[in-house]
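Read through the structure below, which is laid out as structure tokens, and then see the notes.
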Amino acid sequence: MSRLTWEIIYPPLVQSYDYVGKVEPSLAQELGFTDEVTVFAGGGDNACGAIGAGVIQDKSALCSIGTSGVVLNVEFDHVTSYDSNLHFFNHSIPHTYYAMSVTLAAGYSLNWLKRTFFDDDSFETIMRQAETSKIGSDYYLRLI
């Protein structure tokens, strides 16, 4: 029996934007793909989400609310300093970076608010009330 090596166990390291091949034709057919599907290495979920949303220019930003909540800002300058108050990453785009702040309970927090205080109201009603509330909401603050 031959010895397993790192080269056998793991694929080679490539950049997130590198082309790595095509989906095997038998798998493409099984999945119902009609054309050849090209495969790229990929990237972090928020970096790829920003690319998909077209947020790729310097100082462009994205706010994404789902289970988590993300505010992401594209940066061309890698020496930007946020004094450790934000995450700062290499982007999936060459020579590009992004700053990001995250909360892990954004969408779930809205669901909690509805169940706890507005169980009989629709999400649409809650959103209308939020749109008409004054800034600061009479000092209401929820810490997550």
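Is it the case that some residue within the stretch 37-54 is part of a strand (DSSP E or B) and exposed (fewer than 10 other Cβ atoms within 10 Å of the Cβ)?
Initial filter on the stretch 37-54 (part of a strand (DSSP E or B)): 38-40.
When the remaining residues are screened for being exposed (fewer than 10 other Cβ atoms within 10 Å of the Cβ), the result is none.
Checking the stretch 37-54: not a single residue is part of a strand (DSSP E or B) and exposed (fewer than 10 other Cβ atoms within 10 Å of the Cβ).
Which one of GLU75, GLU7, GLU36 is touching a Lys or Arg at 6+ places or on another chain (Cβ under 6 Å) and either of a type outside the set (Val, Ile, Thr) or under 16 Å from VAL102 (Cβ atoms) (or both)?
On the way: GLU75 fails: touching a Lys or Arg at 6+ places or on another chain (Cβ under 6 Å); GLU7 fails: touching a Lys or Arg at 6+ places or on another chain (Cβ under 6 Å).
Going through GLU75, GLU7, GLU36 in turn, the sole match is GLU36.
Take ALA106 and decide whether it is at pLDDT below 90 and on the phi < 0 side of the Ramachandran plot.
Yes.
Matching residues to (1) surrounded by 11 or more Cβ atoms within 10 Å (Cβ to Cβ); (2) at pLDDT below 90; (3) part of a loop (DSSP other than H, G, I, E, B); (4) not acidic (Asp, Glu):
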| residue | (1), (2), (3), (4) |
| --- | --- |
| PRO11 | no, yes, yes, yes |
| SER16 | yes, yes, yes, yes |
| GLY21 | no, no, no, yes |
| ASP35 | no, yes, yes, no |
| LYS59 | no, no, yes, yes |
| SER81 | no, yes, yes, yes |
| PHE89 | yes, no, no, yes |
| ILE93 | yes, no, yes, yes |
| VAL102 | yes, no, no, yes |
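What number goes with the only condition from (1) in contact with a Leu (Cβ under 8 Å, 6 or more places away or on another chain); (2) over 26 Å from ASN111 (Cβ atoms); (3) in contact (Cβ under 8 Å) with a residue 40 or more places away in the chain that ALA99 does not pass?
Only one criterion is unmet by ALA99, namely (3).
For PHE76, state whether it is surrounded by 11 or more Cβ atoms within 10 Å (Cβ to Cβ) and touching a strand residue (DSSP E or B) at 6+ places or on another chain (Cβ under 9 Å). It would help to see each step written out before you state the result.
Values: surrounded by 11 or more Cβ atoms within 10 Å (Cβ to Cβ): yes; touching a strand residue (DSSP E or B) at 6+ places or on another chain (Cβ under 9 Å): yes.
Here the answer is yes, as PHE76 does meet what is asked.
In the list VAL20, VAL71, VAL55, which residue meets the criterion of being over 30 Å from MET127 (Cα atoms), outside the structural domain of MET127 (by the TED database), out of contact with any Gly (no Cβ under 7 Å at 6 or more places or on another chain) and not small (Gly, Ala, Ser)?
On the way: VAL71 fails: over 30 Å from MET127 (Cα atoms); VAL55 fails: over 30 Å from MET127 (Cα atoms).
From the options VAL20, VAL71, VAL55, the qualifying one is VAL20.
The values are calculated or read from the model by the stated rules, or taken from the named source; none is laboratory data. Here the structure is a predicted model, which is why all the values come from computation and not from measurement. Please note: Cβ atoms are built from the backbone with ideal geometry, for glycine as well, and neighbour counts cover all protein chains shown.
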